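A short reminder: the numbers here are calculations on the coordinates, not readings from a lab. All figures in this text were calculated on a predicted structure; none of them were measured in a lab. A quick note on method: Cβ atoms are made from the backbone with ideal geometry, for glycine too, and the neighbour counts reach across all protein chains shown.
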């Protein structure tokens, strides 16, 4: 049985994980779509979540109309993420969404100091076995990290994020709020 996690939840959970590890969130690009609140409502949720987690942001520059779903930086290194949630859509729709997310994240590679991240609802990899669609050679060549967001509670603070390095598919879990 699939666990549904909205794209907004994936985005906010990933931002919290990044901030907890010292990354600065430079910008966010929001997506309209079925099952998601209107853009204005999404912005308000993000503002509230960032304020609750004490994540610094500039309301004038945080939201962008295009580009990576999340742009974060630490020093000269930039991390660009594409985020995908899991809805109650048909399996073919999930596959198409996953393939588009992979294509989008690959298109963000514009500099050797760019780190790429694909943040998705956990079930894309473990229920659908989409890990097979991301061969080791590709992950290593572009340095692709995959973040898996689990439904872990009523707030983003309680969600679990595991990540897969470009080389290893090990599952390392950790509470977003405590790491």
By the Kirkwood definition, with r running over pairs of different Cα atoms, the stretch 44-113 has a hydrodynamic radius in Å of 14.4
Over the stretch 72-123 - Rg/Rh using Cα atoms and the Kirkwood inverse-distance radius: 1.08
Take peptides 65-74, 113-122, 5-14, 141-150 and line them up by average Cβ neighbours within 10 Å, highest first, as a rough protection proxy. 5-14, 113-122, 141-150, 65-74
Be a star and scan the stretch 7-46 for residues whose amide nitrogen sits under 16 Å from the point 7 Å along the Cα-to-Cβ vector of residue 110. 26-30
Sorted on mean Cβ neighbours within 10 Å (highest first), peptides 39-45, 98-104 come out as 98-104, 39-45
Label 7 Å along Cα→Cβ of residue 65; the stretch 35-59 residues with amide nitrogen under 16 Å? 39-40
Largest-first principal axis extents, alpha carbons of the stretch 1-125, Å: 40, 34, 25
